[in-house]
Amino acid sequence: MKYLITGLGNVGSEYNNTRHNVGFDLVDQLCEELGGSWRTDSHGDRAEVKWRGRLLILLKPNTYMNLSGKAVRYWLQKEKLQPENSLVICDDLNLEFGKLRLRPSGSAGGHNGLKNIQEVLGTDAYPRLRMGIGDNFSRGKQVNFVLGKWSEDEKAELRIILDRAVEVVKIFTTLGLQRAMNATAPPKPKPEHKQKEVSKKPDNNKA
């Protein structure tokens, strides 16, 4: 069994560590964890890694975000894969920072990369993992926010978020979509253990 895992982003060093490139960040981490290496190929950088008997074809399109569909369609056709055996990872400013949302299909939700993939494939029935970047920007500053660098506070949390997202991808490829959707829920806080009150027995020896 094999899967195409596509992280969306823009090419160029000026886009490194920006919110819009969190899809690239995720597949970079997945590639590193599973011992893969990137090579420049048709329509993007590609790496092949294995996870529990599955072949994962990782892709970072070099088409720029708004033309991502060209790269996704090319590699689906080349690898003879159906859209349901692929996963697209992207940022989402409609989700609060750190929230993950996995769906088997749906609208582009204003994301130009997803919109182009839908147009090129002719369907919205392809799994996508949205990673929340929040909407902490003032009126008219959306583009600056999306293409801006992570804040120091965000950087401190990002590694944990990427770890969670990597686990979701692994579950998607081994246990299926529904189990992976369940795994996107934020971890429940550990219950506080209240110390049991020990009733004091009266000291009969006291006068």
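The values are calculated or read from the model by the stated rules, or taken from the named source; none is laboratory data. Predicted model only: the values in this text are computed from it and were never measured. Heads up, the Cβs are rebuilt from the backbone with ideal geometry, glycines too, and the neighbour counts pull from every protein chain shown.
Of all residues in the stretch 171-185, those that are under 17 Å from ILE89 (Cβ atoms) have Cβ atoms under 7 Å from Cβ atoms of residues that are hydroxyl-bearing (Ser, Thr, Tyr), 6 or more apart or on another chain, in THR173/TYR3. Checked against (1) among the basic types (Lys, Arg); (2) under 16 Å from the mean Cα position of the chain (by Cα); (3) over 17 Å from ARG19 (Cα atoms), ARG139 passes all but condition (2). Does ASN21 satisfy being among the polar types (S, T, N, Q), within 19 Å of LEU67 (Cα to Cα) and in a loop (DSSP other than H, G, I, E, B)? The answer is no for ASN21. When the residues of the stretch 1-15 are filtered to those that are under 19 Å from ASN66 (Cβ atoms) and of a type outside the set (D, E, K, R), the one that is surrounded by the fewest Cβ atoms within 10 Å (Cβ to Cβ) is GLY12. Return a yes/no flag: does the stretch 79-95 have any residue that is modelled with pLDDT under 95 and either in contact with a His (Cβ under 8 Å, 6 or more places away or on another chain) or assigned to a loop (DSSP other than H, G, I, E, B) (or both). Yes: one or more hits. Residues in the stretch 35-84 that are touching a helix residue (DSSP H, G or I) at 6+ places or on another chain (Cβ under 8 Å), more than 11 Å from TYR3 (Cα to Cα) and charged (D, E, K, R) were compared, and the one that is surrounded by the fewest Cβ atoms within 10 Å (Cβ to Cβ) is ARG52.
Residues in the stretch 108-166 that are acidic (Asp, Glu) and either in contact with a helix residue (DSSP H, G or I) (Cβ under 9 Å, 6 or more places away or on another chain) or within 21 Å of THR63 (Cβ to Cβ) (or both): 5 in all. Look at ASN94 and say whether it is in contact with a Gly (Cβ under 8 Å, 6 or more places away or on another chain) and under 25 Å from LEU67 (Cα atoms). So ASN94 fits the description; yes. Of everything in the stretch 149-183 that is outside any helix (DSSP H, G or I), more than 15 Å from GLY23 (Cα to Cα) and not hydrophobic (A, V, I, L, M, F, W, C), the residue that is modelled with the highest pLDDT is GLY176.
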